[in-house]
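Q: Please find one structure pasted underneath; my questions will follow.
Read the figures in this text as sums done on the coordinates, not as results from a lab. Note that this is a predicted model, so its numbers are computed, not measured. Cβ placement follows ideal geometry from the backbone for every residue including glycine, while neighbour counts extend to all protein chains displayed.
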Amino acid sequence: MDPLKYLFEKPALTGKLARWLLLLAEFDLEYVTRKSVKGRTIAEFLADHPVDGPEDSDFVFPDEEVMTIVEDVWTLYFDGAANQKGFRIGVLLITPDGSHILLAIKLNFDVTNNQAEYEACIVGMEAALTLGVEKLEVIGDSNLVVSQANGNWKVREEKLKPYHQDLEDLIPHFNKVTFTHIPRLKNQFADALATLASMVELPLGVKLCPILIEQRNFPAYQYVNAIDDVDDAKATKKAQTALRRLAAQYIICGGKLYRRSHCGMHKLSVNGAKMTRIMEEIHEGVCGPHMSSVMLARKILRQGYFWSIMEA
């Protein structure tokens, strides 16, 4: 109930209400019921009475980036082939920050070309699950695998049904998975990895370290000269060689120094006060378990940091 309406329209008032009414009577007030205002009326009023001002672009929400949700989507390129050179698959995983993880696998059993494509897709998705990926975009040049994974085509070939079932079992483990078909010319990286797997003959059980692919803007001798400038005139040839080997384990990206990692995820190199702060936060921070020195060093590596005297 509206208290003002009750105060002005009730014939007999007592107590505080009567004193309030006496105090308001000297102002000659009259109560009028407020009518509802429709949104259309306000819109018509604003349209008939425009206000001169800056352009609409000035009224854009200044922090609209805050409302944008950036999804950490990984990208998976896969390719498989079966021909006279052998049976092989290639997988390229791209992280949200642009890092590339390469997989080249040679199959020592007979498969068809479509089976090899399924093998590559399944191996890539299993690798993504191992890395804890939740959202994945799968891209391949096999129209059959992509169309069957999207449910557009039925699986009629008996040899492909077990592969398709395995693929269906992997999909629920992700929060989001999309399958996209691209032409073969746009899938050259994964195709090159598959070709590499067929060209390299390795003993059974032997694995190669991850391939490092760099881009250089200067000839090799300029890199050697840059390293030589670091050493003074008394540096021996043996020390220079050791320095070159040590420098090959690092990479500069975005103005920051990273230590190469065998798993493809480079570690950020830190020093000085940053080292102490990282150790304090991980050891005795809000969620710090006060672990031993060995476990602390391992956890710092898993968090993506590195320095040369970490073990010490």
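Q: Give me the one-decimal nm value for the distance between modelled label points at E126 and K299, 7 Å along each residue's Cα-to-Cβ direction.
A: Each label point lies 7 Å from its Cα, and together they span 3.2 nm.
Q: Obtain the nm distance between the two label points defined at Y250 and E284 by a simple spin-label model: each point lies 7 Å from its Cα along the Cα-to-C-beta direction.
A: About 3.1 nm, to one decimal.
Q: Moving on. Tell me, in nm to one decimal, what length is gained between T241 and T178 on full extension, where the rule is 0.36 nm per residue of separation less the Cα-Cα distance? Can you show the working numbers first?
A: On the way: separation 63, 0.36 × 63 = 22.68 nm, distance 4.80 nm.
My answer for the length gained is 17.9 nm.
Q: How far apart, in nm, are two points set 7 Å out from the Cα along the Cα-to-Cβ line at K186 and at K274?
A: 3.7
Q: Hey, which of these cross-link pairs are over 26 Å Cα-Cα: K85/K186; K85/K135; K106/K161; K135/K267; K161/K186? Walk me through the numbers on the way to the answer.
A: Values: K85/K186 22 Å; K85/K135 35 Å; K106/K161 22 Å; K135/K267 23 Å; K161/K186 28 Å.
Pairs exceeding the cut-off: K85/K135; K161/K186.
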